[in-house]
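Only one structure is covered here, and it is reproduced in the block below.
Throughout, read-outs are computed from the coordinates displayed, never taken from laboratory work. Nothing here was measured: the structure is a model prediction, and the numbers come from that model. Virtual Cβ from ideal backbone geometry, glycine too; neighbours counted across all protein chains shown.
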Amino acid sequence: MATLANPTSDTNLTEPIAAKVHSGQRISSDDARHLWQHASDAELRELASVVRARFHPAHRATYMVMRIINYTNVCVAQCDYCAFYRLPGQDGGYVLPQEAVFAKLNELLALGGDLAAFNGGFNPHLPLDYYCDLFAAIRSRYGYSLEFYALTIAEFLYLADHAKLSYAEAAERFKAAGVRWITGGGAEVLTEEFRRRHSKFKYTVAEYFAAQRAILEAGLKTTATMVIGFDESLDERIEHLERTRAFQDEVAALDGGLQSFLCWTFKPYFTQLGGIEITTQEYLRHLALSRIYLDNIPRIRTSVLTQNAGALEGLRYGADDFDLPIEDEVTQKAGATISLDFERLLDHARALGFSPEYRHVAGTSANTAT
Ligand code: SF4
């Protein structure tokens, strides 16, 4: 990968970009490229903090306790960066019955969490009714004492196609089943070339955004995501940010559009693609660049799931929010480790000068969760 990053200082060019950021102007993609190549960590941190302060008090950070529920690992997409999936008929494939999902939700509530995110494979044997029945049963059983991110955009695309529904029709079906959120997961790096290299059965960038627009137009909420650390180039990373910002410009009028941006890092273990992990420092620099570039998305989230306590440094690099996850089989299968010692993680955030506050996404029947 050719992206990083022993930045070579070039203040002649960095200073005018810094001046733009300080005066509230938007930076260009060339500016972003230049910052990546020439700004020091301290400079990126400072500029990201300037943009962060437009949205959030300087020492405030928020977090959620959540679990990802991987309801099936059967998948036909065959992404080469995935250590989680089994092909249909392959040993080890599973589908969780409703009772198993409820047990996981009960455990989440017992641990003080109130957000579940569903993420599974493209399973050709699961009809749309499996999903709608499950989501309706969760809403009926738990009401609004917990919230759930029902699917990722990638799964939504597959299900809509599989059921021969338009994106608008599929969004309405899920909404009628009590769904309020479909996250921007499955984005990875949003360039057509990246998808051709690594996940050619996982939909195009154009389809991704068309589905996300339909989800917003149906009155559901959604988010932006990104994963780095595969073999993507700097240009591909910047293209992802560019497309995300442009999309948000178009959809912000739809109840705020993209509610947040979460970037995490590829875990290569046991995957076909393999490779080595990027460093936490590279992740933090990218987080800062994202905060500076995405001037129209209020919330930037840092990934404890893939960076553990190191992710909390991200609060100094422009992030304002993080998850404390209790489970995610997809990343755990590829090498992620999870700590349930929440107090240690929160103490780490406090030691960095932040006052972490629990951000409840559940507890109201109004569609106000963010
Ligand atoms: S990343 Fe998701 S879509 Fe791709 S193979 Fe794994 S489970 Fe399937």
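Under 5 Å from the amide H of Val65 lie the amide H atoms of Asp114, Leu324, each residue being 5 or more positions distant or on a separate chain, with H modelled from the backbone and absent for Pro and chain starts. In deg cm²/dmol and to the nearest 500, what is the mean residue ellipticity at 222 nm of the chain if only DSSP H runs of at least 4 residues count, each as -39500 (n - 2.57), divided by the residue total? Counting only the DSSP helices, I get -13000 deg cm²/dmol. 3J(HN,Hα) couplings calculated from phi for the stretch 260-267 with the Karplus curve 6.51 cos²θ - 1.76 cosθ + 1.60 (θ = phi - 60°) are, in sequence order, 6, 10, 10, 10, 10, 10, 5, 9 Hz; Gly and Pro show x.
Once C-alpha pairs closer than 8 Å and six or more residues apart are averaged by separation and normalised to the residue number of the stretch 61-358, the relative contact order reads 21 percent.
Each 10 Å bin from zero up to the one holding the largest Cα-Cα distance in the chain carries the following percent of pairs: 5, 25, 35, 26, 8, 1, 0.
When only alpha carbons are used to place a centre, the stretch 264-330 and the stretch 217-237 end up 12 Å from one another. Taking amide H as placed 1.01 Å from N in the peptide plane, the amide H of Asn119 sits under 5 Å from that of Ile69, Asn70, Tyr71, each at least 5 places away or on another chain. Summarising the amide proton neighbourhood of Ala77: residues at separation of 5 or more, or on other chains, whose placed amide H is nearer than 5 Å comprise Phe122. Annotation: the residues Lys202, Lys333, sorted from fewest to most other C-beta atoms within 10 Å of their own C-beta, follow the order Lys333, Lys202. 3J(HN,Hα) along the stretch 182-196: 10, 7, x, x, x, 7, 6, 10, 8, 10, 4, 5, 4, 5, 4 Hz, from the Karplus curve 6.51 cos²θ - 1.76 cosθ + 1.60 with θ = phi - 60°, whole Hz, x for Gly and Pro. Students often get this wrong, so check it: of Lys104/Lys200; Lys175/Lys267; Lys20/Lys202; Lys175/Lys200; Lys164/Lys202; Lys200/Lys267, which have C-alpha atoms separated by over 26 Å? Pairs exceeding 26 Å: Lys104/Lys200; Lys175/Lys267; Lys20/Lys202; Lys175/Lys200. For the options Ala110, Ala32, Ala176, a Gaussian network treatment of the chain with springs between C-alpha atoms closer than 10 Å singles out Ala110 as fluctuating the most.
For the stretch 15-117, dividing the convex hull volume of the Cα atoms by the residue count gives 188 Å³ per residue.
Cysteines in the chain lacking any other cysteine Cβ under 4.7 Å from their own Cβ: Cys75, Cys132, Cys263.
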